[in-house]
Structures are given as C-alpha cells and as structure tokens.
Amino acid sequence: MNIYVGNLPYNMSENDLRAAFEAYGTVTKVSIIKDKFSGESRGFAFVEMASDDEARAAISGLADKEINGRTLRINEARPRDDRDDRGGRGGGGGGRGGGRGGDRGDRGDRGDRGDRGRRG
C-alpha cells in the first residue's frame, strides 16, 4: 500500500522516515518529494509498505503524531488519476484566448481613423 505523509519536517531524512514506519512493518520504498531547483524537501513524502494490514497500522499509529514540532498528516495515497484538484483539465488552461481576431464591432468615437493627417 502507498501512504501519503504530509506536513513532514523539512529536515527529516528518508532514513528517519523509514525508521518511523518500520516500527509497524516492512517498508518497501520511501520517497521524500523535493523541489527540483533547490533539492530541498517540499514537506511531504510517500511510503510504500509490503502489506495493507501493516500500512493501516502505520497510518493509525503515526497519524497526528508530532515530530520535530510538526503534526504529521498521514493517509492512504490516492492514485494520480483519482485526484480532482486539477479539475480533469490536464493542466494549464484558464485565462482568455489569444489574439484579436474577428470583428471588434463598435469602437466608440474612433470614426476618424481613416483620415488622420488629412485635415486641412
């Protein structure tokens, strides 16, 4: 089972996180998510455990536990496809369309544009 660990102390290492979860069973993978530019922790991680029973025990045992002044938020990780925080748009989007195409209609009192400089 894959477990989401949020509100992680920024100075926590993958070894420290592994040790906390190994108290509840076999940990197969630990991934602290890091900023791609600075390489520093983004404050959350994913932990995979060998069995669902061990994972559930870890979730209940570590949820809301305080480590280094931060209260952990732990739950079963959802697959990327099940997340609804991006609205299913596939990223990007929003804003107004580009360019100024088509008929712009009424331009107010700009009717004198065609004869600019020809007055006399």
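I'm trying to understand the selection: among the residues of the range 66-76, which are part of a loop (DSSP other than H, G, I, E, B), closer than 13 Å to D16 by Cβ and open to solvent by 50 Å² or more (accessible area, probe 1.4 Å)? Correct list: N68 only.
Restricting attention to the range 26-57, the residues that are out of contact with any Leu (no Cβ under 9 Å at 6 or more places or on another chain) and open to solvent by less than 20 Å² (accessible area, probe 1.4 Å) add up to 2. Of the residues making up the range 1-25, those that are open to solvent by less than 20 Å² (accessible area, probe 1.4 Å), over 17 Å from the mean Cα position of the chain (by Cα) and under 14 Å from N75 (Cβ atoms) number 1.
Could you tell me whether any residue of the range 79-93 is in a strand (DSSP E or B) and either open to solvent by 50 Å² or more (accessible area, probe 1.4 Å) or at pLDDT 55 or above (or both)? Within the range 79-93, not a single residue is in a strand (DSSP E or B) and either open to solvent by 50 Å² or more (accessible area, probe 1.4 Å) or at pLDDT 55 or above (or both). A search for C-beta distances below 8 Å between a residue of the range 39-68 that is touching a residue at least 12 places away in the same chain (Cβ under 8 Å) and any residue that is polar (S, T, N, Q) and assigned to a loop (DSSP other than H, G, I, E, B), counting only pairs 6+ apart in sequence or on different chains, returns S41/N11; G43/N7; F44/N7; M49/T26; A50/T26; S51/T26; E54/T26; N68/N11.
The values are calculated or read from the model by the stated rules, or taken from the named source; none is laboratory data. The model shown is predicted, which means the values in this text are computed figures rather than measured ones. Methodologically, a virtual Cβ is constructed for each residue, glycine included, from the backbone with ideal geometry; neighbour enumeration extends over all protein chains shown. With ligands, DNA and RNA removed, areas are computed over all heavy atoms of the protein, side chains included. Shrake-Rupley method; radii C 1.70, N 1.55, O 1.52, S 1.80 Å.
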